[in-house]
Amino acid sequence: MNDFVFENSTKVYFGRGVAKKHLARLLADYGKTVMLAFGGGSVRRSGVYDEIRAILDTAGKTVVEFSGIKPNPTYARVLEGAALARERNVDLILAVGGGSVMDCGKAISMAARYDGDVWDDFWARRGTVDFEPLPLGVIVTLCGTGSECNGGAVITNEAVRIKTDRDYPRCNARFALLDPAYTLSVPRLQMLASGFDTLSHVMEIYFSAPDEENVSDDISEALMRGIVRDLRAAARDPQDYEARSNLMWESSMAENRIIKLGKKLDFQAHMIEHQLSAYTDCGHGLGLAVLHPVYYRRICEKGAQKFSRFARRVWDVPAEGRTETELARAGVEALADFIRELGLPTSFRELGLPDELPLAEIADSVELTEGGYGHLTRDDVLAILEACR
Ligand code: NZQ
Ligand code: ZN
């Protein structure tokens with residue numbers, strides 16, 4: 001194993017009824033005013049809003065609502081939320097939703113406590129801030145991003161058409177309430193897309209140095225097999241609680257920093273997807289489903305050792321009679337077959353994007369990472385985007 005420092009400060013409560021069991025006690029540690037942040041209305045339809053609001057009211061909290069946070073949250077909304085948090089002297093932000101609401105909540109928690117321009121000094125540049133954000137708690141209603149267990153916030157700045165992420169450990173939620181039953185109302189395609197996002201996170205970590213046997217890759221292989229099993233079960237029966245609860249914890253395990261320990265990390269597919277999303281507002285998991293096989297077909301021979309291991313250990317592809325390169329390619333095709341099996345999109349057209357997309361401009365804006373096996377150039381990115389049409 002390579003050297004590392006590990007810390008994860010989020011306290012997780014997992015299981016049926018965790019909000020009713022624990023939220024009131026957790027709220028007692030914070031001041032009177034709570035910003036209740038949520039999305040476009042799913043929490044009202046599912047009954048989660050009523051349940052949480054009743055707990056807040058009974059606890060005697062003054063509730064400041066910040067609602068209508070859309071998928072792929074924007075910096076403009078972050079600034080709006082931060083202004084409201086300042087004006088109302090908010091003591092705790094409670095973000096109730098999926099990755100977009102949690103990320104927006106984290107970004108508001110930073111912007112509300114920062115005097116400068118938090119986009120310029122944090123998202124546009126790495127690692128230049130040092131301050132304590134407003135406390136944040138999260139209640140997850142859609143799992144997949146893993147945002148509940150890290151300090152990452154992915155924000156779109158529409159003015160400059162950049163969607164980017166940063167992980168600021170002090171932005172980790174103080175507590176995360178994970179009730180799998182809260183996710184049962186998620187529409188089937190969204191559930192599968194978000195589950196694929198989890199698989200993508202594990203792959204982006206796994207397909208990077210070191211290639212020697214190590215604990216992080218061992219856990220990643222177990223997670224990938226589990227995610228595939230649980231997505232199959234949830235696709236067959238979306239109300240399967242066992243599958244849905246496994247997917248919820250797999251989502252957190254993929255992004256709570258544990259499997260990143262000692263790893264270089266790739267995340268090139270994510271960088272491409274983020275810019276695709278900045279230009280098209282497509283769903284994150286859906287964009288990743290289209291991009292991953294195309295990207296991996298391009299790089300798998302350079303990382304043949306790891307890709308062939310992926311084929312054998314995750315997809316049970318028989319090694320006999322195949323060279324390492326053939327096995328590596330077979331692993332990528334097993335992934336592509338799985339994406340088709342789930343009914344996720346395999347092209348931009350299936351994703352519902354228009355034929356005319358500014359692909360060259362998107363390619364120009366993609367951040368190139370150093371951690372994967374491909375080390376793409378801007379022209380490689382453009383070729384990948386073209387092949388996704
Ligand atoms: O807005 P509402 O009405 O709540 O509907 C949402 C939204 O339309 C709906 N939904 C959520 N919970 C539901 C539900 N519908 C029915 N029942 C429920 N219980 O689902 C839709 C999508 O929600 P969103 O939060 O956008 O999805 P997701 O969790 O996939 O988050 C995507 C965002 O997270 C970022 C992505 O880039 C994207 O912006 N990511 C964040 C990461 C992180 N912080 O660590 C890592 C990821 O790689 C990712 O980039
Ligand atoms: Zn993701």
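For the Cα atoms of the chain, what angle does the longest principal axis make with the long axis of helix 48-58, in degrees from 0 to 90, nearest 10?
The two axes meet at around 30 degrees.
Arrange THR141, THR58, THR33 by Cβ neighbour counts within 10 Å, fewest through most, would you?
THR58, THR33, THR141
Could you give me the ³J(HN,Hα) list for the stretch 283-296, computed from phi with Karplus coefficients 6.51, -1.76, 1.60 and θ = phi - 60°, whole Hz, x at Gly and Pro?
Result, rounded to whole Hz: x, 4, x, 5, x, 5, 4, 5, 6, 4, x, 5, 5, 6.
Excluding TYR241 itself, calculate the net charge of residues whose Cβ lies under 14 Å from the Cβ of TYR241, where each Lys or Arg counts +1 and each Asp or Glu counts -1.
That works out to -2.
Give the lysines reachable from LYS306 as a straight Cα distance under 25 Å; neighbours fewer than 8 places away on the same chain don't count.
LYS260, LYS263, LYS264
Within a 10 angstrom radius of the beta carbon, how do LEU184, LEU36 rank from fewest other beta carbons to most?
Numbers: LEU184 15, LEU36 23.
Lowest to highest Cβ neighbour count: LEU184, LEU36.
So how long is each side of the stretch 257-389 along the principal axes, counting just the alpha-carbon atoms, biggest first, in Å?
44, 32, 29
GLU386 to ASP281: extension gain in nm, 0.36 nm per residue of separation minus the Cα-Cα distance?
The span from GLU386 to ASP281 would gain 36.0 nm if fully extended.
For GLU350 and PHE4 in one chain, what is 0.36 nm times their gap in residues minus the Cα-Cα distance, to one decimal in nm?
Between GLU350 and PHE4, full extension yields an extra 120.4 nm.
Fewest Cβ neighbours within 10 Å first, please rank GLU386, GLU132 accordingly.
Values: GLU386 14, GLU132 9.
Fewest-to-most ranking of GLU386, GLU132: GLU132, GLU386.
Please list, in order along the stretch 326-339, the HN-Hα scalar couplings obtained from phi with the Karplus expression 6.51 cos²θ - 1.76 cosθ + 1.60 (θ = phi - 60°), rounded to whole Hz, x for Gly and Pro.
Values, residue by residue: 5, 5, 4, 5, 5, x, 5, 5, 4, 5, 4, 4, 5, 4 Hz.
Helix 268-280 against the longest principal axis of the chain: what's the angle in degrees, Cα atoms only, rounded to the nearest 10?
On a 0 to 90 degree scale, this one is about 60.
Give the whole-number value, in cubic angstrom per residue, of the convex hull volume spanned by the C-alpha atoms of the chain.
In the chain, the Cα convex hull volume per residue is 128 Å³.
Out of residues 5 or more away from LYS11 or on other chains, whose amide H comes under 5 Å of its own, with H placed 1.01 Å from N in the peptide plane?
Hits under the 5 Å cutoff: PHE175, ALA176.
Specify the angular offset, from 0 to 90 degrees and rounded to the nearest 10, of the alpha carbon long axis of helix 18-27 from the longest principal axis of the alpha carbons in the chain.
It is inclined by approximately 50 degrees.
List the lysines whose Cα sits under 22 Å from the Cα of LYS61, skipping any in the same chain fewer than 8 residues away.
Excluding near neighbours in sequence, the set is LYS11, LYS20, LYS21, LYS32, LYS106.
For the stretch 70-214, what proportion of DSSP beta bridges, expressed in % and rounded to the nearest 5, is antiparallel?
Once the DSSP bridges in the stretch 70-214 are tallied, antiparallel ones form about 40 percent.
Between ALA360 and SER67, what length in nm is gained on full extension when 0.36 nm per residue of separation is reduced by their alpha carbon distance? If you can, show how the numbers build up before the last one.
Numbers: separation 293, 0.36 × 293 = 105.48 nm, distance 3.53 nm.
Full extension of this stretch gives 102.0 nm more.
Mind listing the long-range amide H neighbours of GLU65? Cut-off is under 5 Å, sequence gap 5 or more, other chains count too, H placed in the peptide plane at 1.01 Å from N.
Residues meeting the criterion, in which the H sits 1.01 Å from N, are LEU36.
We did not get these values from a lab; they are worked out from the coordinates using the rules stated. All values reported here derive from a predicted model rather than from experimental measurement. We place every Cβ from the backbone using ideal geometry, glycine too, and count neighbours over all the protein chains shown.
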